[in-house]
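The values are calculated or read from the model by the stated rules, or taken from the named source; none is laboratory data. The shown structure was predicted, so the numbers you read here are calculated from the model rather than taken from an experiment. In this analysis, Cβ positions are derived from the backbone assuming ideal geometry, glycine residues included, and neighbour counts consider all displayed protein chains. For accessibility, only protein heavy atoms count, side chains too; no ligands or nucleic acids. Shrake-Rupley method; radii C 1.70, N 1.55, O 1.52, S 1.80 Å.
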Amino acid sequence: MLELEDKLEEGNRLLGVEEQEDLHYHREPELVEADTVDADDLEAPIAAARTEFTEDPVRVYLREAGAARLLTREKEVAIAKRIESGQNQVLKVVSRAPLVWNELLAAAEDLREHRRSVRDLVQFDDEELTEKKLEKKTQQTLRVLDRIAEHRHQAQLLASRSGRSSKTTAARRRAARFRLGRQVVETSRLVRSLDFTPAERARLVGLLERTAEQSLRLEQNIRQTERRVRQSKGEHATEARRELLACLERHGERPGDLCNLANATNCLGLQEEAERLARRAIALDPEASWPRKTLCNVLPYRDGISGAEVLAAMQDCSVRLERSGVPSLAGPDWTPDRPLVVGLLSGSFRAHPVGWLTIAGLEALDPDAFRVICLAQNSSEDWMTRRYRAMAAQWCDVGALSDAALAMKARELGIDILIDLGGYGEAGRMTACAYRLAPVQAKWVGMQSHSSGLPEMDWIITDRWETPPELEHIYSERPLRLRDGYACYSPPPYAPDVGPLPVLKNGHITFGCFNNLAKITPTVLKVWSDVLRRVPSARLVLKTHQFADPTTNERILTAFAGLGIGRERIDLRGPSGHRRFLDEYNDIDIVLDPFPYSGGLTTCEALWMGVPTVTMPGELFAGRHSLSHLRNAGLTDWVAWSQAEYIELAATKASAVSD
């Protein structure tokens, strides 16, 4: 009976039952039939219909010991199964852990060198042990451990080969993963065939627990750093970069850490270093898609980048996305006289660039012709989210779904046209589009720096300025050109009034740029310095979240000083609320656009606040945002096509404003 009591205690521990005065009396949820019960109800006897008279010694013991109410045989079996299941889960975890394999191989060496006895490792059925039996058991155990060593070696080879060559086909990678899984299962079976002593089992479990705790603490530190990078929108990027560098120094280079470091580095305007970090991550894991997504996200910011280079990087990433496990999509159902079902996939249905640049156009859709379904990746909601919910015919939270499950969900919803609004951004799910969520898929606003490179992405929603015919060859999608601009800007209802020209009060021109520091490259700093030299009395205001950090400010001011521009002419401003952010445009006469990644939402906001932008378009989609917005506003004479023309145009416009 005591053995059963021990098993019940062990089962409760594995099942996570909280310790009470009586651990054995643990009522199963299915015994409580009401939705809500009082504490007294939990102590009530089980209904007579659920009990029966018994002489079973186990049940008699439980009853007489007061450890539990009378249980049906079915309930006893259920408890026993849960105990066994919990024990099996622990054993399975232990047997599949490479750390345990390494420990067992070390134990094999100890057995051979007589540093340990086999009695310390496994249990014996025969209580009367002779030296002959002991030697026989030692040899049997060593044979099992040698087989574990063989399977471990094969597993290591398969793991390394599966990601060694970038030319490995998807079919070969799947086959390698399957063989690797077989090796792991066979190794696990061999480990479980060893009847460990309680002390050895406890040692192995304890080793795993301690290692898991250490890994968890490390992972939590890394995740905290990642959250700092994301949530602060760059104002703690310097600290995040410092912590990530320290993490690499302590633990060595890992692809994930290098990717995070690349993003933090790019956020600080160190574009070339960010690219090098992303490429190092790729070299460590050539077949993984995450490092390549990181490269795709940092490349568009680099000086001198071409559209062909970005397209090639996007396509290299695309071929490594998972596409197996989901059946081919059936042909489209273009039944006439029914609304088209349009799915919007995004994690940014809120006050975000995606929201500001799409909601007005979507609200203008005819509900009789279009049925809109929002596939929402995140649970963050605000007043802009409510506009999306009001516009949509259906709202689905998909954050908990895998890419494959998301694809099946979209198909179940009968979506005709899927529009991705996230790309490879933080809350983006463009990877799911590789499974094809709908017969027609299109890319629109949201990390739309250039072509997606996805063969499953049929269209890119654009306009004649973003994607003119002569640039179509650097896109994998067909361009769907809207008649006017590709975006539909919604000014915030709380935007402040436009004030008088600052030059009238200041007596000098004030240039400004409120774009992210990631867009400000060394070449941009040089060109802006040339502009300031052409207009000697002018000042330059730069405002972004990253300028909350004094170290970053000093680096930028030092860079300007090296280009011959005094600190007194540069005004660096940190983050502020959105209304205050907009109001600070009343301090600016002319916006200077960065390149090759131009302003998007910031250009729209500057125009709304009455401030025009000098821009220089490039090949990239991201390099032509301001061109599109200025052309739609009728400001065709604010566009330059070379650095020399940019400098001259800025100086000319400054002179005209001053006059």
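At a glance:
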| read-out | value |
| --- | --- |
| Count of residues meeting criterion [in a helix (DSSP H, G or I) and either basic (Lys, Arg) or open to solvent by less than 80 Å² (accessible area, probe 1.4 Å) (or both)] in segment 108-124 | 6 |
| Residue in segment 452-460 that is open to solvent by less than 10 Å² (accessible area, probe 1.4 Å), assigned to a loop (DSSP other than H, G, I, E, B) and closer than 18 Å to residue 326 by Cα present | yes |
| Flag if residue 636 is surrounded by fewer than 18 Cβ atoms within 10 Å (Cβ to Cβ) and of a type in the set (Val, Ile, Thr) | yes |
| Lone unmet requirement of (1) farther than 17 Å from residue 510 by Cβ; (2) under 34 Å from the mean Cα position of the chain (by Cα) for residue 613 | (1) |
| Count of residues meeting criterion [among the hydrophobic types (A, V, I, L, M, F, W, C) and in contact (Cβ under 8 Å) with a residue 40 or more places away in the chain] in segment 376-397 | 1 |
| Meets criteria (open to solvent by less than 50 Å² (accessible area, probe 1.4 Å), modelled with pLDDT of 80 or more and out of contact with any Cys (no Cβ under 7 Å at 6 or more places or on another chain)) for residue 185 | no |
| Residues (assigned to a loop (DSSP other than H, G, I, E, B) and either basic (Lys, Arg) or within 11 Å of residue 490 (Cβ to Cβ) (or both)) located in segment 341-363 | 350, 351 |
| Wholly within segment 566-659, helices (runs of 4 or more DSSP H) carrying at least 2 residues that are out of contact with any Phe, Trp or Tyr (no Cβ under 8 Å at 6 or more places or on another chain) and under 26 Å from residue 446 (Cα atoms) | 578-583, 601-608, 625-632 |
| Breaking point among (1) crowded, with 16+ Cβ neighbours inside 10 Å; (2) out of contact with any Ser or Thr (no Cβ under 8 Å at 6 or more places or on another chain); (3) part of a loop (DSSP other than H, G, I, E, B), for residue 497 | (1) |
| Identity of the residue in segment 427-477, in contact with a helix residue (DSSP H, G or I) (Cβ under 6 Å, 6 or more places away or on another chain) and charged (D, E, K, R), that ends up farthest from residue 294 (Cα to Cα) | 463 |
| Candidates 523, 551, 558, filtered to the one that is more than 20 Å from residue 613 (Cβ to Cβ), touching a residue at least 24 places away in the same chain (Cβ under 8 Å), part of a helix (DSSP H, G or I) and not aliphatic (A, V, I, L, M) | 551 |
| Among residues of segment 260-294, those that are open to solvent by less than 10 Å² (accessible area, probe 1.4 Å), under 18 Å from residue 429 (Cα atoms) and hydrophobic (A, V, I, L, M, F, W, C), counted | 0 |
| Residues of segment 611-625 satisfying the condition of being of a type outside the set (D, E, K, R), open to solvent by 10 Å² or more (accessible area, probe 1.4 Å) and farther than 23 Å from residue 532 by Cα | 625 |
| Condition check for residue 531: outside any helix (DSSP H, G or I), in contact (Cβ under 8 Å) with a residue 24 or more places away in the chain, aliphatic (A, V, I, L, M) and more than 30 Å from residue 421 (Cα to Cα) | no |
| Verdict on residue 371 being part of a strand (DSSP E or B), surrounded by fewer than 22 Cβ atoms within 10 Å (Cβ to Cβ) and more than 23 Å from the chain's Cα centre (by Cα) | yes |
| Segment 250-288, residues that are of a type outside the set (Lys, Arg) and not in a helix (DSSP H, G or I) | 252, 253, 268, 269, 270, 285, 286, 287, 288 |
| Inter-residue pairs, beta-carbon under 6 Å, first at pLDDT 80 or above and in segment 123-141, second open to solvent by less than 70 Å² (accessible area, probe 1.4 Å) and part of a loop (DSSP other than H, G, I, E, B), 6+ apart | 123/197 |
| Condition broken by residue 327, with the remaining ones in (1) in a loop (DSSP other than H, G, I, E, B); (2) crowded, with 17+ Cβ neighbours inside 10 Å satisfied | (2) |
| Candidate set: segment 534-546, residues that are without any contact (Cβ under 8 Å) to a residue 40 or more places away in the chain and outside any loop (DSSP other than H, G, I, E, B); chosen: the one nearest to residue 649 (Cα to Cα) | 539 |
| Options 398, 445: the member that is closer than 29 Å to residue 368 by Cβ, of a type in the set (A, V, I, L, M, F, W, C) and surrounded by fewer than 22 Cβ atoms within 10 Å (Cβ to Cβ) | 398 |
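The rows are residues; the columns are (1) more than 25 Å from residue 507 (Cβ to Cβ); (2) in contact with a Leu (Cβ under 6 Å, 6 or more places away or on another chain).
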{"position": "568", "(1), (2)": "no, no"}
{"position": "576", "(1), (2)": "yes, no"}
{"position": "599", "(1), (2)": "yes, no"}
{"position": "638", "(1), (2)": "no, yes"}
